[in-house]
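One structure is given here, and the rest of the page talks about it.
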Amino acid sequence: MVLIHSPAYVVGAHQNCWKCGSENEVVTVACTAIGVDGEAIESAEPGEAFLLSYITEMPAHLFHFVSGFAPNYRKLYSRTADEEYYANVCNCGANFGDFYLFSEPEGAWFPKDDSGVVTTRVLPVPMVDPFEVECDFGTHKIAGLEGAPFSGPVNVRESPIGQKDEEPTA
Ligand SMILES: [Zn+2]
């Protein structure tokens with residue numbers, strides 16, 4: 001169980017469906033301060049954030065907030081992980097496993113170049129107290145997070161949905 005401290009965000013990213021090929025926006029939860037098993041709070045470096053993966057438990061208010069932006073986000077059984085966790089699902093019914101999204105080069109949360117993860121949006125989660133989530137997490141560089149105001153939606157992606165990504169210039 002990890003303790004998510006404010007500020008926390010719902011982040012979105014583009015992901016084409018591996019099955020039907022349609023354009024999707026996948027979401028997950030990000031934060032910059034996290035506590036594990038009562039140990040000292042870990043803080044992310046500037047421009048970086050902790051992205052939560054394999055979320056098996058989250059508070060109802062958080063799920064309500066996330067699913068408000070991603071109606072297909074829901075808890076599903078994963079054969080790969082052999083447990084139920086919150087996953088993004090395409091309109092065709094195919095789901096995006098967190099292994100695919102985080103660990104495969106074509107996955108939305110896999111850094112594309114030096115600028116890190118490309119987000120479609122960064123939305124602050126309304127919260128007063130820290131909340132507990134059962135999940136894994138990792139440090140990710142998030143494009144557009146550094147210097148971005150955390151007071152509202154931030155759109156750091158300029159190209160229209162569906163346009164092919166440009167090759168990294170670095
Ligand atoms: Zn699909």
Scoring region 2-141 by relative contact order with C-alpha pairs under 8 Å, at least six apart, yields a percentage of 34 percent
Taking a crude spin-label model, label points 7 Å out from Cα along the C-beta direction, the Ile41 to Thr56 distance in nm is 2.7 nm
The local net charge around Thr32, scoring Lys/Arg +1 and Asp/Glu -1 for residues other than Thr32 whose Cβ lies under 10 Å from its Cβ, equals -3
When Cys92, Cys17 are arranged by how many other beta-carbons sit within 10 Å of their Cβ, fewest first, they go Cys92, Cys17
Relative contact order as a percentage, region 20-97, C-alpha pairs under 8 Å and 6+ apart, gives 24 percent
To the nearest 20 debye, region 2-141 has a Cα-centred charge dipole, built from +1 on Lys and Arg Cβ and -1 on Asp and Glu Cβ, of 600 debye
Among region 46-90, those whose backbone N falls under 18 Å of a label point 7 Å along Cα→Cβ from Trp18 are 53-55, 73-90
Expressed in angstrom and rounded, the centroid-to-centroid distance over alpha carbons for region 40-71 and region 95-139 is 8 Å
Surrounding charge for Asn95, neighbours by C-beta under 13 angstrom, Lys/Arg +1, Asp/Glu -1, total +2
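Laboratory data are not the source of any read-out in this text; all were calculated from the coordinates shown. This structure is a prediction, so every number in the text was calculated from the model and none was measured. All Cβ positions, glycine included, derive from the backbone under ideal geometry; neighbour counts span all protein chains shown.
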